[in-house]
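The values are calculated or read from the model by the stated rules, or taken from the named source; none is laboratory data. Everything quoted here is computed from the prediction, not taken from an experiment. Cβ atoms come from the backbone with ideal geometry, glycine included; neighbour counts cover every protein chain shown. In case anyone asks, the SASA skips ligands and DNA or RNA and just uses the protein heavy atoms, side chains included. Shrake-Rupley method; radii C 1.70, N 1.55, O 1.52, S 1.80 Å.
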Amino acid sequence: MNTDQKSTVVLITGGSSGIGKSIGTFLTDKGFIVYGTSRNPSNFKDFEPFILLQLDVADSRTVALAVDQIIQKHGRLDILINNAGAGIMGAIEEIPHEEILKNFTTNYFGPINVTKAVLPLMRKQGHGLIINVTSIAGYMGLPYRGIYSASKAALEITTEAWRMELKGFNIKMANVAPGDFATNIAAGRYHAPVKKGSPYEKSYGDALKLMNDHVDAGSDPNEMAKAVYSIIKSKNPKVHYKVGVFMQKFSIVLKRILPDKTYEKLVMNHYKIK
């Protein structure tokens, strides 16, 4: 983007911890004016890196109020980073319907709500950049992560369409898909209980442990911050970016080139599913 960093205003949803906090801190250090969001900013009284606004992506009223606060203060909003998201695990058969709806509300409908709220301002000012944080899991159906994969895949595809609709207004949009990062997502993730006697008891229990181990041993969230900064500095952002260790990114290439059943077997072996 061809804007002066010192006056560039950025809104990051879900900025109180993890990837969002890392991105916000990095951009603040670079001189950007950064606003993060939390559903309950009062839980972060000693939060210092940047300003936290109250915003729930599922509540259009709080979205409008947060955006209006930024407009009242600065009269502009240059960059939106749709980072707020929620994990979910479980055998699809055993995940309650309301939990599936809740996950899609946060991971898919939420970013759409916030984007809709900022577009009139970006169109009026003649520029804008929207970065949607998705997931490498959104490129493939993963056992016991099917709902999460689907919600992130939906955002990836929607971005492909939406960025074409916005080109005439000089508003750019891109996806950035992280792999496993060392954040607190596992603590806040919904996971269906491992039910005694369930037909999925052993395989799901093993998969749940494997996923938690992956998150604990994940990459440094600052890698995501650097990737986002690179997108911001790009004159013409690509549609898709992937950030993670080599094998995570290579898994997308393998899915593209291998026969479906061969790739499925690789995934099942990884999750120890027979």
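A few points about this structure:
- Scanning the stretch 231-274 for residues that are within 17 Å of the chain's Cα centre (by Cα), over 17 Å from residue 136 (Cβ atoms) and surrounded by fewer than 17 Cβ atoms within 10 Å (Cβ to Cβ) gives no hits.
- Of the helices (runs of 4 or more DSSP H) that lie entirely inside the stretch 157-274, those containing 1 or more residues that are within 24 Å of residue 93 (Cα to Cα) and either modelled with pLDDT of 95 or more or not hydroxyl-bearing (Ser, Thr, Tyr) (or both) span 185-188, 201-216, 260-270.
- Screening 93, 98 for residues that are without any contact (Cβ under 8 Å) to a residue 12 or more places away in the chain and open to solvent by 30 Å² or more (accessible area, probe 1.4 Å) leaves exactly one candidate, 98.
- Among the residues of the stretch 6-63, those that are charged (D, E, K, R) and under 19 Å from residue 105 (Cα atoms) comprise 39, 56, 59, 61.
- Conditions (1) under 26 Å from residue 178 (Cα atoms); (2) open to solvent by less than 40 Å² (accessible area, probe 1.4 Å): number failed by residue 104: (2)
- Pair list, Cβ under 7 Å, 6 or more apart: the stretch 22-49 residue assigned to a loop (DSSP other than H, G, I, E, B), other residue surrounded by fewer than 19 Cβ atoms within 10 Å (Cβ to Cβ): 30/5; 30/229; 31/5; 31/6; 32/5; 49/28
- Selection status of residue 142, at negative phi, part of a loop (DSSP other than H, G, I, E, B), open to solvent by less than 30 Å² (accessible area, probe 1.4 Å) and touching a residue at least 60 places away in the same chain (Cβ under 8 Å): yes
Residues checked against (1) among the charged types (D, E, K, R); (2) surrounded by fewer than 19 Cβ atoms within 10 Å (Cβ to Cβ); (3) within 15 Å of residue 82 (Cβ to Cβ):
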| residue | (1), (2), (3) |
| --- | --- |
| 10 | no, no, yes |
| 14 | no, no, yes |
| 19 | no, no, yes |
| 25 | no, no, no |
| 33 | no, no, no |
| 38 | no, no, yes |
| 43 | no, yes, no |
| 65 | no, yes, no |
